[in-house]
1. Starting from residues that are within 26 Å of SER144 (Cβ to Cβ) and of a type outside the set (A, V, I, L, M), keep the ones in segment 78-91 and report whichever is most open to solvent (accessible area, probe 1.4 Å).
2. Filter segment 107-143 for residues that are part of a loop (DSSP other than H, G, I, E, B), more than 16 Å from ILE84 (Cβ to Cβ) and not β-branched (Val, Ile, Thr) and give the result.
3. If we scan segment 117-131, do we find a residue that is at pLDDT 90 or above and within 12 Å of PHE44 (Cβ to Cβ)?
4. What about THR111, is it more than 16 Å from ASP70 (Cα to Cα) and exposed (fewer than 15 other Cβ atoms within 10 Å of the Cβ)?
5. What are the pairs, 6+ residues apart or on separate chains, where a residue within segment 54-80 that is assigned to a helix (DSSP H, G or I) has its Cβ under 9 Å from a residue that is open to solvent by less than 50 Å² (accessible area, probe 1.4 Å) and among the β-branched types (Val, Ile, Thr)?
6. Taking TYR146, is it farther than 19 Å from LEU80 by Cα, in a strand (DSSP E or B), over 22 Å from the mean Cα position of the chain (by Cα) and not acidic (Asp, Glu)?
Amino acid sequence: MKITKNALSISLFAFLFLVLSCSGDNDNLLEKEEPTAPVQTKHFNPPLWIQGTWHTTETPTTRLKFTKDDIISLNDNSSLNDQINKSKTTNIIWAVEHEASSSSGYVYLITYRPTTGSLYSNSEFRVYKINDTLMRRITDSPYSVYYAKEKD
């Protein structure tokens, strides 16, 4: 009978310890609101194969430069990181919702969301490596855009 009382006492103590350690701030997890604005990411991570300067094959003056942590339009010298950072002080927030890369592809999705209201839009950039100096961008139109890599 002593073993049963000890076992019961240990079980009761373990149960109380578990109940007491699980209470507290975690009780309100279901009551917390979702954030109204997406988390802002200020750095990109383009894969090594895409880093460098590229121009479209149809309009060589349309140029993009991919660095280790940014994407820059050389046409107007605008940085996507700068655009995201500037959006923090405007009424439309830019945020990187998704970014993925591989040895033959790169994609990112940017969401544009007003600071008030629930409407938003997004823009996706998706490219596939054809070879070391040529890549294809998939667009919403039925046509692809090809980029040639410039020599550094």
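The values are calculated or read from the model by the stated rules, or taken from the named source; none is laboratory data. Worth saying up front: this structure is predicted, and the values here are computed from it rather than measured. As a convention, Cβ positions derive from the backbone with ideal geometry for all residues, glycine included, and neighbour counts pool all protein chains shown. Heads up: the accessible areas ignore ligands, DNA and RNA and are worked out on the full protein's heavy atoms, side chains in. Shrake-Rupley method; radii C 1.70, N 1.55, O 1.52, S 1.80 Å.
1. GLN83
2. Matches in segment 107-143: GLY117, SER118, LEU119, ASP132, ASP140, SER141, PRO142, TYR143.
3. Yes, segment 117-131 has at least one match.
4. No: the conditions fail for THR111.
5. Matching pairs, first to second residue: LEU80/ILE71; LEU80/ILE72; LEU80/VAL96; LEU80/ILE110.
6. The answer is yes for TYR146.
A quick yes/no check of all residues on (1) under 19 Å from ASP152 (Cα atoms); (2) in contact with a strand residue (DSSP E or B) (Cβ under 9 Å, 6 or more places away or on another chain); (3) at pLDDT below 90; (4) of a type outside the set (Lys, Arg):
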| site | (1), (2), (3), (4) |
| --- | --- |
| LEU64 | yes, yes, no, yes |
| ILE72 | yes, yes, no, yes |
| ASN75 | yes, yes, no, yes |
| SER78 | no, yes, no, yes |
| ILE93 | no, yes, yes, yes |
| GLU99 | no, yes, no, yes |
